[in-house]
Amino acid sequence: MPRSIFEPHQQTNEGATFMTTREILPSEPQSPWLRRRPRRRDGARSTPHSSPARDDSSQRKKANNIRKAIHSDAVDVSWLRQLAISPDGLINNDIRKMAWPTLLEVDVDNIPAKPDEETLHSHRDYQQVVLDVNRSLKRFPPGMEEETRLAMQDQLVDVIMWVLVTHPELHYYQGYHDIVVTFLLVLGEHLTFGVMDKLSKQHLRDFMDQTMDKTNHMLNYLYPLIGRSSPQLRNFMEKAETGTVFALSWLITWFGHVLNDIKHIVRLYDFFIACHPLMPIYLAAAIVLHREKEILTCEPEMPMIHCLLSNIPDDLPFEYLIRRAGDLHIQFPPESLAQEAQEHYRQAAEEQKKFEVAKEARRAALKKHLYFGGKNMQHSRIMYRLTFWTITAVVSAAAFAMLKSNTNNWWLWGH
């Protein structure tokens with residue numbers, strides 16, 4: 001029996017456990033990332049950034065192999081996983097509709113009934129989910145009829161609430177809907193719940209805590225990964241205080257929020273479903289390393305680098321990046337990075353603490369300034385009022401005295 005892809009190997013993060021499931025990618029020399037690059041038809045080796053030519057017959061052959069893996073008496077999940085990872089992934093959405101639930105071992109014949117509307121709508125996160133779904137128009141195919149899109153948005157809300165109602169311990173996060181809508185477009189409502197029910201307890205579980213501590217800790221693996229391949233790039237990004245926020249949406253939406261082409265998104269989902277929960281971080285590292293020259297030509301300032309990395313080009317060589325992410329995982333498995341990631345977490349926590357202390361000091365100084373400034377202003381107002389009323393009183397007294405004097409000689413005014 002192949003090792004379960006969710007065989008726990010836990011670490012502590014200040015009392016929190018963090019899923020670092022060991023090795024679901026093959027480490028043997030037969031790994032798809034360690035094989036020699038195939039020759040092109042002209043006899044030359046394909047470049048690292050190119051994909052070998054694959055004709056229709058090879059696509060059909062692979063599709064048949066996927067169907068065999070799914071429909072065999074004893075489903076060969078390990079083989080299916082290899083097929084999902086290898087170039088072109090699961091080929092098309094018709095096959096994905098069978099393969100995705102199989103990879104996650106969803107019992108498609110025993111998916112529970114959807115709760116009633118009142119139950120779904122009474123959940124604490126319902127209003128936020130509706131707001132996020134209403135803002136998700138770009139995730140639906142262009143040209144889709146409005147009536148169809150609105151119906152799918154209703155289904156999207158229902159699937160999300162269905163998962164949350166079924167698992168009260170899970171907390172919705174903004175970005176979850178970007179993952180769900182991808183599955184909904186391929187699988188339909190019923191199967192999407194079955195898939196999300198599994199993923200929310202496995203690959204996505206750390207994102208669905210009440211806090212983002214575990215999510216932030218996952219991001220701490222990014223710089224150690226970059227540094228193992230390019231110390232220069234890591235040093236440049238750290239000196240510029242780039243941070244990891246640029247990669248947050250990559251991680252928590254499985255790149256669904258930042259890519260425009262659905263074919264790239266579903267290809268990455270083939271890969272992520274078949275792989276370790278940290279694989280999106282390995283892909284993030286592969287993308288950053290792929291754009292190293294662009295980054296190093298930037299001004300070493302956080303806004304410039306953050307802006308560059310936040311926008312992922314549509315023409316990235318995703319098959320190459322998938323292979324590189326797999327290579328990184330084999331060379332630097334999560335447990336080999338754990339200590340360095342923990343150190344990165346500690347340093348980030350210290351910097352955050354310093355920032356909070358400095359912010360509190362500034363707040364206290366401002367409060368003190370306003371307090372004493374207010375006192376001075378109040379004192380000035382009092383002195384102004386005293387001066388004003390003193391002058392007014394003197395003038396009034398003088399005027400009164402003059403008036404009184406003149407009143408005693410009122411007759412003189414007429415003469």
Inset, instruction - Tell me, yes or no, whether segment 317-328 has at least one residue that is assigned to a loop (DSSP other than H, G, I, E, B) and surrounded by fewer than 17 Cβ atoms within 10 Å (Cβ to Cβ). - result: yes
Inset, instruction - Could you list, in sequence order, all residues of segment 207-226 that are assigned to a helix (DSSP H, G or I) and surrounded by fewer than 20 Cβ atoms within 10 Å (Cβ to Cβ)? - result: Asp213, Lys214, Thr215, Asn216
Legend entry - Filter result for Asp76 (in contact with a helix residue (DSSP H, G or I) (Cβ under 9 Å, 6 or more places away or on another chain) and touching a residue at least 24 places away in the same chain (Cβ under 8 Å)): no
Inset, instruction - Would you check if Arg139 is at pLDDT below 95 and within 27 Å of the chain's Cα centre (by Cα)? - result: yes
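The values are calculated or read from the model by the stated rules, or taken from the named source; none is laboratory data. Computed from a predicted model, the values in this text were never measured in an experiment. Here the Cβ is made from the backbone with ideal geometry for all residues, glycine too, and neighbour counts use every protein chain on show.
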